[in-house]
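Structure first, then comments.
The values are calculated or read from the model by the stated rules, or taken from the named source; none is laboratory data. The structure presented is a predicted model; accordingly, all values stated were derived computationally and were not measured. Cβ: placed from backbone, ideal geometry, glycine included. Neighbour counts: every protein chain shown. All accessible areas refer to the heavy atoms of the entire protein, side chains included, with ligands and DNA or RNA removed. Shrake-Rupley method; radii C 1.70, N 1.55, O 1.52, S 1.80 Å.
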Amino acid sequence: MSKKLSKRSEDYSKWYNELVVKADLAENSAVRGCMVIKPYGFAIWEKMQAELDKMFKETGHQNAYFPLFVPKHLFEAEEKNAEGFAKECAVVTHYRLKTNPEDKTKLIVDPEAKLEEELVVRPTSEAIIWNTYKNWIQSYRDLPIKINQWANVVRWEMRTRLFLRTSEFLWQEGHTAHATKQEALEETELMNNIYAEFAEKFMAMPVIKGVKTEAERFAGAVDTYCIEAMMQDGKALQAGTSHFLGQNFAKAFDVKFTSKEGKLENVWATSWGVSTRLMGALIMTHSDDNGLVLPPKLAPTQVVIVPIYKGEEQLQEISKVANKLADELKEAGISVKYDDRDTQKPGWKFAQYELQGVPVRLAIGPKDIEKGSVELARRDTLTKEFVNQTEVVEKVKHLMVEMQEALFEKANNFRNEHITEVNSFDEFKKVLKNKGGFISAHWDGTTETENKIKGLTKATIRCIPFGSVKESGNCVLTGKPSEQRVLFAKAY
């Protein structure tokens, strides 16, 4: 199969779908709307997972695991949450199958095995977790509880796209309980900041931190904080959310504690999460028409060494140098692969590692052995140079930092160039059609206007940015008074 990809400029969606499959990240499965994450794709997710997990634990969070199934009556307890997810729920109604009496090779649902109560396959875990917290919390001494769960969730989707929107996906979800409103608010902000730090420091993806409007808020939350990123096609992507739940779930599940003053009070709550959607964000932020471009901090293999040889004798000579370099790079904390397979030619390997976004490629041939050099190719710029073998390790160490910073700077410049202020609805529509990106515009603060703009343009309010300057103006659609600008965009 040809590895050549469609061009982003001609068909961005097709380019993305081809890249995910051809780079061996994921593929569609036999289950409609669900994906198989392949080893290379999962290796990138594991790198993300490891870094986030470390950040969570450094801020006092612990991992636990809760059931996949949620009894329907528990799911219904917080009405807004239940209503918000009801249309996306997969539901278990029976507990066994039996052989079809009319065809012994087939199975049918046993009608006598109907569950007394349906089980919802978790679309999110607030219900089952808060039912559990009720048993854990009696006194202020039991607080705070700061739990994170790495899990899968199911949200029934009709139109799916690998990593970006699938019926089942992997994620982490944090659920915390606090004695005071202030503690819960600080936790909500802390986790949003952690997501932003991870996105920028490890994914090299600039984000805008802000708060969602009521219409875009998580079902059951008092407030939803978010990080919003800009993809290369000018569409926004919500990369993470952190929710201040107030006392909504504590009241729904009767979770109370005795305060220091001896009063019985409801606890305060947060929840927060990111998912394998980050894989889609990573791909669309940096990759090009040749394939993946990975930030060194998240690349499963940071350096690949490819021998160029004729005959076993040359391979043995090259391998001595390659293995020595590989050992030195590993000692320097750099992940490296020496690909001496004889089943593929060097040109095929070059194309494959370029497609898979390996940051640095080293090629060594007989002439390089004579000269004491290697050919070094950078994935981000596609530039090549010859480097003395004694300088390779230091050069690569420097490049890991330089490439990480360069990718962030490139993405940041692109994002900043695609934030446009508008003051009329004609201007709004023109920018949305011809340029895309974030549109900074005044909004009158009503859900009605927000929905009208969405209906007319498919653009939504991505967030009200934190720290944005208060500025009197007039709503871009209705002309009514407005206190500040918000960010609109078409989004994934």
Q | Only listed residue being within 28 Å of the chain's Cα centre (by Cα) and at pLDDT below 95, chosen from GLY467, GLY437 | A | GLY467
Q: Scan (1) out of contact with any strand residue (DSSP E or B) (no Cβ under 7 Å at 6 or more places or on another chain); (2) without any contact (Cβ under 8 Å) to a residue 24 or more places away in the chain; (3) aliphatic (A, V, I, L, M) for the single condition LEU97 breaks and write down its number.
A: (1)
Q.
Among (1) buried (at least 18 other Cβ atoms within 10 Å of the Cβ); (2) in a helix (DSSP H, G or I); (3) not small (Gly, Ala, Ser), there is one condition GLU186 misses while meeting the rest; what is its number?
A. (1)
Q.
Can you go through LEU68, LEU52, LEU74, LEU25 and tell me which one is under 28 Å from TRP136 (Cβ atoms) and under 17 Å from the mean Cα position of the chain (by Cα)?
A. LEU52
Q: Among the residues of the stretch 136-171, count how many are open to solvent by less than 50 Å² (accessible area, probe 1.4 Å), among the hydrophobic types (A, V, I, L, M, F, W, C) and not in a strand (DSSP E or B).
A: 5
Q) What pairs can you find where one residue is in the stretch 298-318 and closer than 30 Å to ALA281 by Cβ and assigned to a helix (DSSP H, G or I), the other is modelled with pLDDT under 95 and of a type in the set (S, T, N, Q), and their Cβ atoms are less than 6 Å apart, with a gap of 6+ or different chains? A) none
Q | Every residue from the stretch 266-288 that is in contact with a Lys or Arg (Cβ under 9 Å, 6 or more places away or on another chain), surrounded by fewer than 24 Cβ atoms within 10 Å (Cβ to Cβ), part of a strand (DSSP E or B) and touching a residue at least 60 places away in the same chain (Cβ under 8 Å) | A | ASP288
**Q.** Members of the stretch 198-211 that are assigned to a loop (DSSP other than H, G, I, E, B), open to solvent by 10 Å² or more (accessible area, probe 1.4 Å) and either touching a strand residue (DSSP E or B) at 6+ places or on another chain (Cβ under 9 Å) or without any contact (Cβ under 8 Å) to a residue 12 or more places away in the chain (or both)
**A.** VAL207
Q. For the stretch 10-31, what are the residues that are open to solvent by less than 40 Å² (accessible area, probe 1.4 Å) and among the hydrophobic types (A, V, I, L, M, F, W, C)?
A. TRP15, LEU19, VAL20, ALA23, LEU25, ALA26
(Q) Need a quick list: strands (runs of 3 or more DSSP E) entirely within the stretch 405-492 having at least 1 residues that are touching a residue at least 12 places away in the same chain (Cβ under 8 Å), open to solvent by 10 Å² or more (accessible area, probe 1.4 Å) and β-branched (Val, Ile, Thr). (A) 419-421, 460-465
Q. What number of residues within the stretch 212-265 satisfy the criterion of being small (Gly, Ala, Ser), under 23 Å from GLY174 (Cα atoms) and in contact with a strand residue (DSSP E or B) (Cβ under 6 Å, 6 or more places away or on another chain)?
A. 6
Q: Assess whether LYS260 counts as being farther than 30 Å from GLY357 by Cα, open to solvent by 10 Å² or more (accessible area, probe 1.4 Å) and of a type in the set (Lys, Arg).
A: yes
Q. Conditions: (1) without any contact (Cβ under 8 Å) to a residue 24 or more places away in the chain; (2) polar (S, T, N, Q); (3) within 23 Å of ARG122 (Cβ to Cβ). SER242 meets all but one. Number of the miss?
A. (1)
